[in-house]
Amino acid sequence: MNKEEELIRKKSPVNIRNKKASFEYLFIETFTAGIVLTGTEIKSIRMGKASLVDTYCTIINGEMWVKGMNVSPYFYGSYNNHEMKRDRKLLLTKREIQKLASATKQTGYTIVPLLIFIDQKGRAKMDIALCKGKKEFDKRQTLKEKEDKREMDRAMKVYK
């Protein structure tokens with residue numbers, strides 16, 4: 001990811017993160033995918049009414065799908081409102097999908113959604129990552145690094 005892409009994600013009015021993913025998984029490679037949405041889903045996402053808790057991606061018939069993503073119904077929607085937890089298709093190139101499919105055939109690898117954001121043209125995008133599950137000692141190491149960083153920041157504030 002280059003600096004321009006990173007800036008777009010930071011400037012986006014919507015940043016819905018999967019906070020648990022960085023604790024549970026070790027990221028191997030990240031991809032940016034478009035999301036196929038229907039009806040009032042984009043309005044709910046723009047209001048920040050989506051959740052990536054317990055979501056995962058799977059490949060079915062050569063297409064990438066995200067399962068378990070919760071997009072709350074749009075408050076001002078009528079009978080046309082969408083389902084909350086339906087499977088949503090992700091838009092990736094055929095080469096990326098083939099790469100992810102071959103990688104997930106190995107044991108211990110999975111595809112996890114990391115972030116939903118709105119790009120410059122107003123379209124919803126999702127960052128996904130090819131991940132390997134962390135072991136228990138890896139999780140303890142992550143917690144220790146986070147605590148050490150917090151201590152260093154506290155010490156720097158006192159020092160200034």
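The values are calculated or read from the model by the stated rules, or taken from the named source; none is laboratory data. Computed from a predicted model, the values in this text were never measured in an experiment. Ideal geometry is used to build each Cβ from the backbone, glycine not excepted, and the neighbour counts take in all protein chains shown. Accessible surface areas use protein heavy atoms only, side chains included; no ligands, DNA or RNA. Shrake-Rupley method; radii C 1.70, N 1.55, O 1.52, S 1.80 Å.
When you scan region 1-21, how many residues do you find that are of a type in the set (S, T, Y) and open to solvent by 60 Å² or more (accessible area, probe 1.4 Å)?
0
Out of the residues in region 82-104 that are open to solvent by 50 Å² or more (accessible area, probe 1.4 Å) and among the polar types (S, T, N, Q), which is nearest to I42 (Cα to Cα)?
T93
Considering (1) in contact with a Leu (Cβ under 9 Å, 6 or more places away or on another chain); (2) more than 16 Å from A21 (Cα to Cα); (3) modelled with pLDDT of 90 or more, say which one T93 fails and leave the rest.
Among (1) in contact with a Leu (Cβ under 9 Å, 6 or more places away or on another chain); (2) more than 16 Å from A21 (Cα to Cα); (3) modelled with pLDDT of 90 or more, the lone unmet condition for T93 is (1).
Could you list, in sequence order, all residues of region 18-35 that are of a type outside the set (D, E, K, R) and either in a strand (DSSP E or B) or over 13 Å from I116 (Cβ atoms) (or both)?
S22, F23, Y25, L26, F27, I28, T30, F31, T32, A33, G34, I35
Conditions first: (1) closer than 28 Å to P13 by Cβ; (2) modelled with pLDDT under 90; (3) crowded, with 16+ Cβ neighbours inside 10 Å; (4) in contact with a strand residue (DSSP E or B) (Cβ under 6 Å, 6 or more places away or on another chain). Y74 passes all but one, so which condition is the exception?
Just one mismatch for Y74, condition (4).
Give the number of residues within region 53-79 that are in contact with a Cys (Cβ under 8 Å, 6 or more places away or on another chain) and either in a loop (DSSP other than H, G, I, E, B) or aliphatic (A, V, I, L, M) (or both).
2
Which one is farthest from L37 (Cα to Cα) among residues in region 125-151 that are of a type in the set (K, R) and assigned to a strand (DSSP E or B)?
Taking the candidates together, the pick is K132.
If M47 satisfies every condition in (1) more than 17 Å from F117 (Cα to Cα); (2) among the hydrophobic types (A, V, I, L, M, F, W, C); (3) open to solvent by 90 Å² or more (accessible area, probe 1.4 Å) but one, which is the exception?
Evaluating M47 over (1) more than 17 Å from F117 (Cα to Cα); (2) among the hydrophobic types (A, V, I, L, M, F, W, C); (3) open to solvent by 90 Å² or more (accessible area, probe 1.4 Å) leaves (1) as the failure.
When residues of region 27-44 are filtered for being at pLDDT below 90 and open to solvent by 60 Å² or more (accessible area, probe 1.4 Å), how many remain?
3
Looking at region 50-71, which of its residues are in contact (Cβ under 8 Å) with a residue 24 or more places away in the chain and either of a type in the set (S, T, N, Q) or open to solvent by 60 Å² or more (accessible area, probe 1.4 Å) (or both)?
Correct list: S51, V53, T55, Y56, T58, E63, W65.
Taking only pairs six or more apart or across chains, which ones have beta-carbon atoms under 8 Å, a first residue in region 133-160 that is within 21 Å of S22 (Cα to Cα), and a second residue that is at pLDDT 85 or above and loosely packed, with under 11 Cβ neighbours inside 10 Å?
G133/G108
Here are some conditions: (1) open to solvent by 50 Å² or more (accessible area, probe 1.4 Å); (2) assigned to a strand (DSSP E or B); (3) of a type in the set (S, T, Y). T107 meets all but one. Which one does it not meet?
(2)
Please state which of the following conditions G122 fails to meet, knowing it meets all the rest: (1) surrounded by 11 or more Cβ atoms within 10 Å (Cβ to Cβ); (2) under 18 Å from G34 (Cα atoms).
Going through the list (1) surrounded by 11 or more Cβ atoms within 10 Å (Cβ to Cβ); (2) under 18 Å from G34 (Cα atoms), G122 breaks only (1).
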